[in-house]
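The values are calculated or read from the model by the stated rules, or taken from the named source; none is laboratory data. None of these values were measured; they are calculated from a predicted model. In this analysis, Cβ positions are derived from the backbone assuming ideal geometry, glycine residues included, and neighbour counts consider all displayed protein chains.
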Amino acid sequence: MKTALMRCVLAAAGMTAAMLLTGPGQAGPVTTDDLMKAQDNGAEWLMYGRDYRNWRYSPLAELTADNVAKMTPVWSLSTGGQFGGLEATPLFHDGVLYFSADYARVFAVDARSGRVIWHYEPTYEDGLNAMLCCGPIHRGVALKDNLVYVAQLDAKLEALNAADGKVVWEAKIDDWKNGVTTNSAPLVVKDHVIIGVSGGEYGVRGYLKSFNAKTGALEWQTYTVPAPGEAGSDTWPKDDSWKTGGAPTWLTGSYDADTNTLYWGTGNPGSWQSDQHPGDNLYTDSTLALDPETGKMKWFYQYTPNDSWDYDAMATPILIDTTIDGKPTKAWAVSSRNGYFYVMDRTNGSFLYALQMVEGINWTSGLDPKTGKPTINTAMKPKQGAGAVQPIIPGLEGGTNWFPPAYDPDLGLFFVGVNQWGMGLTSWEKGKLVYKPGDVFMGVDYQMYRMGDTIGHLRAIDIANKKVAWDVPSPLPLFSGMLVTKGGLLFTGDQRGRFLAFDAKTGKELWKFQTGSGINASPITYELDGKQYVAILSGLGGDPSFYYSAPKGGMLWVFAVDGKVDEGGYYNAQVIDKMLPTYKP
Amino acid sequence: MRPTKLTPSALSLGALVALLLGTFVPGGSADEVLTNPYLGKPDAIEAGKQIYRSKCYICHHSAGARGPDLFATKLTDEQFLETVINGRKRTGVMPAFGLRLSPDEVWQVHAFVKSTDHY
């Protein structure tokens, strides 16, 4: 077939070029060693957060504050479909970009020409959209060996052949009709494909699963809500609420190879009627440390006990080695939905310090300076049938949310989008919320509020010195991921559709480009044929589309300074033979 | 009197298809037009409110959000029923609730949204 021939030629050319310009281990299958050394591989982007620490920091330095103003689009690609919103971080390996669009449609795109090599379309049964609290969005795929792993929205894990997108194996994660869906990029650690689940608003009992990378066999499952008798079950009442306890694991985790420890965040408890399940509700709103071989929990840290406010702690823990109060420290950092920024000891889960990110936090009067445990303001906890509680700060969309932060080790700065907004919550009358698989299981009516003219804050936090280095306000909420580079640039997008470059040291805006639809996805950078490129998906969707109407979209944009695109006969418009056959007399 | 709950299994598939298809023949006579038999009935409205809270609110909120404001719907009764049962595949976002809500339950929701101007 013509396409296959073109692909072979392209692959051969690509591989030759790749071998000339880049180091070993970058062509062909992605190995465990490749993943373990991803942070040193400047040319490629092999996993969701670039490396297992989730820094989203690239060692590429061709683009700097001096030349980024000259950056222009090199090519773009429409992802078509139903414009359900794009939230993915693309991957780049061996000259090919791999990413998921809305509905977990997977694309493999040749980065030299912008040509789609293959794409994979899941087929879904009727009714799935009812299980997607926040739209048919999807956050990315994973690479290992010759496979591309995608967790489809209907809780099926597919291993696709990286060369042609054909399904090599499929593993059922769960039955989506019970409200369990999946939309995060799996994390591959050695031969474990580790995936978390969504469904915290549907009364699921959260868990992590690990599947064998080669065969798809289930290796382990660790629930994040204990059953009666299991450790932590005394933080739940002695009834059936643990079965619908939530604690979903809906964002990609991190991994520390030195200690062979997996770090994963958990979300809010089910239901939102916290007085229906008194107790701290472990392990909701926590960061867990686990053994990736067995799934066994090593320890945990809970940020918000008996959460009444949807303050998921699903955030990817960013693993940082730093110096705090003069002491070398192995830490993790998260900025939380609950409005605080935490720096924690990743060797044992103990609290180091926290910074208040949001003004006017009122669900708590403050955190214990030693343990970080919040003193709860009980007046801000809605009670069943007792009327609206408002304004609660921060609102349920959070002082920050799922969109990934970035960390720059040269500057010691953590870059995150912070949002300043509030909410009102009204808990239903007692007895009105009845669990039914697949139904929304919240029991609370909610209303988000603007609390002023400024919502978003692009903020740089000096980790070692425990302070904010700079802050750039934005009228709209920020809901896009960060990328920081050795060249001193911070890239992110906004709801107005602008893709932006800032000076990472000062926060000065250096460049922008209007992509035509809101940006909810995360940028990457890669090197191809000696040139640095930056790529971003643009397409408003997910939670921001609840609050702002704007043109929907679905585009992949690739930028560079004097970048190259090889159109030479390769293009995405394929003739439909039946409609336009070659004339034969 | 509480409306009888008809589950899709109770209503045979053939009957359901006939019920739905029969209403959408363009130019069909007035005899064939489906209307909501529960409009204005308090029991149905209360039942419909509970269904709205647990299945519709997350997208349609108090008066429209990701989904349009159902309390201001200009759909006919039968269009409302068809949309909820079959979803809107063209736009792709409104899910098909036909396997999870019976026609009677959809009529209850409809009775609720017709009875007030917001949740």
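Things worth noting here:
- Here A:E201 clears all of (1) under 19 Å from A:G245 (Cα atoms); (2) in a strand (DSSP E or B); (3) in contact (Cβ under 8 Å) with a residue 60 or more places away in the chain; (4) not basic (K, R) except the condition numbered (2).
- Among the conditions (1) in a loop (DSSP other than H, G, I, E, B); (2) away from every other protein chain (no Cβ under 14 Å), A:W75 misses just one, which is (1).
- The residue that is surrounded by the most Cβ atoms within 10 Å (Cβ to Cβ), counting only those in the stretch A:375-417 that are over 26 Å from A:Y547 (Cβ atoms) and among the acidic types (D, E), is A:D408.
- Which numbered condition B:I51 misses (of (1) farther than 18 Å from B:G40 by Cβ; (2) within 11 Å of chain A (Cβ to nearest Cβ); (3) over 10 Å from the mean Cα position of the chain (by Cα)): (1)
- Test: residue in the stretch A:565-582 that is under 24 Å from the mean Cα position of the chain (by Cα) and of a type in the set (D, E, K, R): no
- Among the residues making up the stretch B:68-83, a single one is in contact with a Lys or Arg (Cβ under 9 Å, 6 or more places away or on another chain) and assigned to a loop (DSSP other than H, G, I, E, B): B:T73.
- Search result, residues across the stretch A:432-454 that are more than 11 Å from every other protein chain (Cβ to nearest Cβ) and in a loop (DSSP other than H, G, I, E, B): A:M451, A:G452, A:D453, A:T454
- Restricting the search to strands (runs of 3 or more DSSP E) fully inside the stretch A:339-425 and requiring at least 3 residues that are free of Cβ contacts under 8 Å to residues at least 40 places away in the same chain gives A:350-356, A:364-367.
- Subset of the stretch A:56-92 (residues that are in contact (Cβ under 8 Å) with a residue 12 or more places away in the chain, of a type in the set (D, E) and surrounded by fewer than 20 Cβ atoms within 10 Å (Cβ to Cβ)): A:E62
- A:K564 more than 22 Å from B:P68 (Cβ to Cβ), exposed (fewer than 11 other Cβ atoms within 10 Å of the Cβ) and not acidic (D, E): no
- Residue, farthest from the other protein chains (Cβ to nearest Cβ), within the stretch B:61-92, restricted to residues that are in contact (Cβ under 8 Å) with a residue 24 or more places away in the chain and touching a Pro at 6+ places or on another chain (Cβ under 8 Å): B:L81
- Identity of the residue in the stretch B:68-93, within 21 Å of A:Y547 (Cβ to Cβ) and at pLDDT 90 or above, that ends up surrounded by the most Cβ atoms within 10 Å (Cβ to Cβ): B:L70
- Filtered residues of the stretch A:212-245 (kept if more than 30 Å from A:W169 (Cβ to Cβ) and part of a strand (DSSP E or B)): none
- Qualifying residues in the stretch A:463-480 (those that are touching a Lys or Arg at 6+ places or on another chain (Cβ under 7 Å) and of a type outside the set (V, I, T)) - the one surrounded by the most Cβ atoms within 10 Å (Cβ to Cβ): A:L476
- Condition check for A:S480: more than 14 Å from chain B (Cβ to nearest Cβ) and not hydrophobic (A, V, I, L, M, F, W, C): yes
- Any hit, the stretch B:97-111, residues being closer than 26 Å to A:Q82 by Cβ, within 14 Å of chain A (Cβ to nearest Cβ) and at pLDDT below 90: yes
To keep it simple, each residue is scored yes or no on (1) touching an Asp or Glu at 6+ places or on another chain (Cβ under 6 Å); (2) surrounded by fewer than 24 Cβ atoms within 10 Å (Cβ to Cβ); (3) at pLDDT 95 or above; (4) not acidic (D, E).
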{"residue": "A:S286", "(1), (2), (3), (4)": "no, no, yes, yes"}
{"residue": "A:Y303", "(1), (2), (3), (4)": "yes, no, yes, yes"}
{"residue": "A:S308", "(1), (2), (3), (4)": "no, no, yes, yes"}
{"residue": "A:T347", "(1), (2), (3), (4)": "no, yes, yes, yes"}
{"residue": "A:F351", "(1), (2), (3), (4)": "no, yes, yes, yes"}
{"residue": "A:T364", "(1), (2), (3), (4)": "no, yes, yes, yes"}
{"residue": "A:D368", "(1), (2), (3), (4)": "no, yes, yes, no"}
{"residue": "A:K373", "(1), (2), (3), (4)": "no, yes, yes, yes"}
